[in-house]
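Worksheet: the structure to be examined is printed underneath.
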Amino acid sequence: MGKKLVAYFSASGVTSELAKVLAEAASADLYEIKPEVPYTKADLDWQNSRSRSSIEMKDPSSRPAIADKNANIAAYDVVFVGFPIWWYVAPTIINTFLESYDFSGKIIVPFATSGSSGLGKTKEKLLGSVSGTAVWKEGKLLNGRPSKDVFAKWVESLNL
Ligand SMILES: Cc1cc2nc3c(=O)[nH]c(=O)nc-3n(C[C@H](O)[C@H](O)[C@H](O)COP(=O)(O)O)c2cc1C
């Protein structure tokens, strides 16, 4: 069992709650990926094609700035990366996060929350942002407030 980190971005708190439970279940440290400019409610309005999130998600090369680069990825073997699903994939701030560190030799385990969408092509959209040879584990959608037991079983099944 290597040293583990749960790194997550959460715009409205749902992923944040689950990240905390996961960190406990996996005996992992916790790190919040914070945007340099926090998302307002108006920014998150997916019904407005001109909202910040709509504009960013329409441009796969958008890289919203992160507030700090203090995750100390080098100190971990396994990095869980959590986020809400935006427009069927990970918010592009996750690309910013992945591009900010060297993930060579790390195990990356994505997890997400959503209204109902699955992880879809999330991994494909993130792969290009990881430098070096990281090992990706099957990601998990953690909707419906799963119990701590569900987290523990999932973590065990990953054979980290
Ligand atoms: C801009 C935006 C786009 C979204 N796109 C999707 C989507 O494609 N499919 C889906 O099921 N939910 C979508 N959602 C809902 C979020 O994935 C869901 O509410 C998530 O749990 C929020 O997590 P958070 O509170 O950690 O930010 C979207 C939400 C926002 C703000």
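List the trypsin sites (Lys or Arg not before Pro) within the stretch 109-160 that fall in a DSSP loop (any state other than H, G, I, E or B) and whose Cβ has at most 14 other Cβ atoms within 10 Å.
Here the sparse-neighbourhood loop sites are Lys121.
For the stretch 1-82, which trypsin sites (Lys or Arg not before Pro) are in a loop by DSSP, counting at most 14 other Cβ atoms within 10 Å?
Those satisfying the criteria are Lys3, Lys41, Arg50, Lys69.
Would you mind telling me the antiparallel percentage of the DSSP bridges in the chain, rounded to 5?
10
Loop only per DSSP, at most 11 neighbouring Cβ atoms within 10 Å: give me the GluC sites (Glu not before Pro) in the stretch 16-112, ordered by residue number.
Glu36
If one computes the Cα centroid of the stretch 47-96 and of the stretch 107-143, what distance in Å separates the two points?
Using only Cα atoms to place each centre, the spacing works out to 12 Å.
Taking amide H positions as placed 1.01 Å from N in the peptide plane, with prolines and chain starts having none, which residues 5 or more places from Lys106, or on another chain, fall under 5 Å of its amide H?
Amide H to amide H, under 5 Å and 5 or more residues apart or across chains, Lys106 pairs with Val135.
Starting from the coordinates of the alpha-carbon atoms of the stretch 1-56, obtain the Kirkwood hydrodynamic radius over all distinct pairs and give the value in Å to one decimal.
Averaging 1/r across every pair of different Cα atoms and inverting gives 12.8 Å.
Tell me the mean residue ellipticity at 222 nm calculated for the chain from its helices only (DSSP H runs of n ≥ 4, each -39500 (n - 2.57), averaged over every residue, nearest 500).
Taking each H run of at least 4 residues, the total per residue is -7500 deg cm²/dmol.
Output the relative contact order of the chain, whole-number percent, from Cα pairs under 8 angstrom with separation of 6+ residues.
RCO, the chain: 24 percent.
Placing one identical point scatterer on every Cα of the chain and ignoring solvent, what is log10 I(q)/I(0) from the Debye formula at q = 0.13, 0.14, 0.20 Å⁻¹?
-0.56, -0.65, -1.39
For the stretch 37-95, rounded, prolate or oblate, judged on the Cα gyration tensor with a ≥ b ≥ c (square roots of eigenvalues), a/c < 1.5 rounded, else prolate if a/b > b/c?
Prolate, since a/c reaches 1.5 and a/b exceeds b/c.
Under a 5 Å amide H to amide H cut-off, with H placed in plane at 1.01 Å, what residues pair with Lys140 once short-range neighbours are removed?
Long-range HN contacts for Lys140: Phe111, Ala112.
Starting from the 7 Å offset along Cα-to-Cβ, what nm value, one decimal, do you get for the label separation of Asn72 and Lys58?
4.2
Quick note: the coordinates plus some simple rules give every number you see, no bench work behind them. Bear in mind the structure is a predicted one, so any value in this text is a computation, not a measurement. We place every Cβ from the backbone using ideal geometry, glycine too, and count neighbours over all the protein chains shown.
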